[in-house]
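Step one of this worksheet: look at the structure below.
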Amino acid sequence: MTFLSRTIWLRSFVALWIVECKLFLRQPTSAFFTFVLPICFFLLFGSIFGEAPLWDRPDVRYIDFYAPALMAAYIGQTGLINLTNSLSEYRLLGILKRYVVSPLSLGFYLCVHIIMQIVVFTVSALSLFVVAESVFDLHFRGHLIVVLFVGIICIACFLALGFLVNSISKSPRSTQALCQFLFLTMFFMSGATFPRQMFPDWLRTLSWGSPLTHVVIAFSGVWLGDPISQHVKSLLFLTVITVLSYLISTRTFKWEV
């Protein structure tokens, strides 16, 4: 690729990324559920349980666990709600099909969309962190590089799951309904709302099959200072889900209705 080609590619990438960001911000409902509602949940639960000691770690406040747990839920929302809703809507409107005959490849478009979703997640997580730090004096006990590494694995898993659901679902409408059902089920089973220690044994066992449970466990664990070796099983589980989802979706993804 020549310098001129790289320049054109970069300018096209930035231009399309800006367009995608503008389209996202023009949907007030999506912006509200992405940026505002999670912070409201955080302030509500933080006001009730914030200073209470964590159930299995008396030296840790509940709020210090709940902040990274909610960021982990952001990851699930990014892949199963934001990404899938956009792809489903674009498929229904025929936008994805038009990319086939455009100079831009479909892979180029998907790369732009993935980067946009990662940026949205980053802004959401930073907003939550600022609120938590200013209101509750949040304590960060982990190592930044380790937390970022675990976060990348978690994001990759749920982006792959988002593509997988888009691939196997029969219609855009059913895709959105299925993703909302999956996310809400995982959300309440993951421990990001109610502690898993409060679950009955059968539900606690069932929750181990949810990818979001492992995201919450691993991400909040390294945030609180756990060594990464303590969460190898969860990270391996997420990696296997990522690889399988990617392999299936690359063979079954539909570009048109």
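We did not get these values from a lab; they are worked out from the coordinates using the rules stated. As the structure is a prediction and not an experimental result, all values here were calculated from the model. Here the Cβ is made from the backbone with ideal geometry for all residues, glycine too, and neighbour counts use every protein chain on show.
Working from Cα pairs under 8 Å separated by at least six residues, relative contact order for region 29-252 is 28 percent. Note on E51 and I145: their simple-model spin labels are 3.8 nm apart, each label 7 Å out from Cα toward Cβ. Taking 0.36 nm per residue of separation and subtracting the Cα-Cα distance, full extension of the segment from K233 to I248 would add 3.1 nm. Here the chain is scanned for trypsin sites (Lys or Arg not before Pro) in DSSP loops (not H, G, I, E, B) that have at most 10 other Cβ atoms within 10 Å, and the longest stretch holding none of them is 27-169. Placing a pseudo-label 7 Å from each Cα along the Cα-to-Cβ vector at L126 and T205 gives an inter-label distance of 4.5 nm.
Charge dipole (Cα centre; +1 on Lys/Arg Cβ, -1 on Asp/Glu Cβ; no other charges) of the chain amounts to roughly 1040 debye. A simple spin-label model places pseudo-atoms 7 Å from Cα toward Cβ; at I168 and L44 they are separated by 3.2 nm. Calculate the FRET efficiency for R98 and V119 from the Cβ-Cβ distance with a Förster distance of 30 Å, rounded to the nearest 0.05. Efficiency at R0 = 30 Å is approximately 0.80. Lysine pairs, Cα distance under 30 Å, 8 or more residues apart or cross-chain: how many in the chain? Lysine pair count for the chain: 6. For region 101-210, the percent of C-alpha pairs falling in each 10 Å distance bin, counted from 0 to the bin holding the largest distance, reads 11, 28, 38, 18, 5, 1.
Between helix 84-93 and the chain, what is the angle of the helix's C-alpha long axis to the longest principal axis, kept within 0 to 90° and rounded to the nearest 10? The helix 84-93 is inclined about 20 degrees to the chain.
Compared with the dominant Cα axis of the chain, that is its longest principal axis, helix 3-25 is turned about 60°. Reported value for region 29-252: 127 Å³ per residue, from the convex hull of its C-alpha atoms.
Cβ-to-Cβ counts within 10 Å put Y62, Y74 in ascending order as Y62, Y74, the fewest first. The relative contact order of region 55-160 comes to 48 percent, based on Cα pairs under 8 Å that sit 6 or more residues apart. Assuming R0 = 30 Å, can you tell me the calculated FRET efficiency for the pair T29 and F194, based on Cβ-Cβ distance, to the nearest 0.05? Calculated value: 0.70. Here is the tail figure for region 145-257: Cα pairs spaced more than 22 Å apart come to 38 percent of all pairs.
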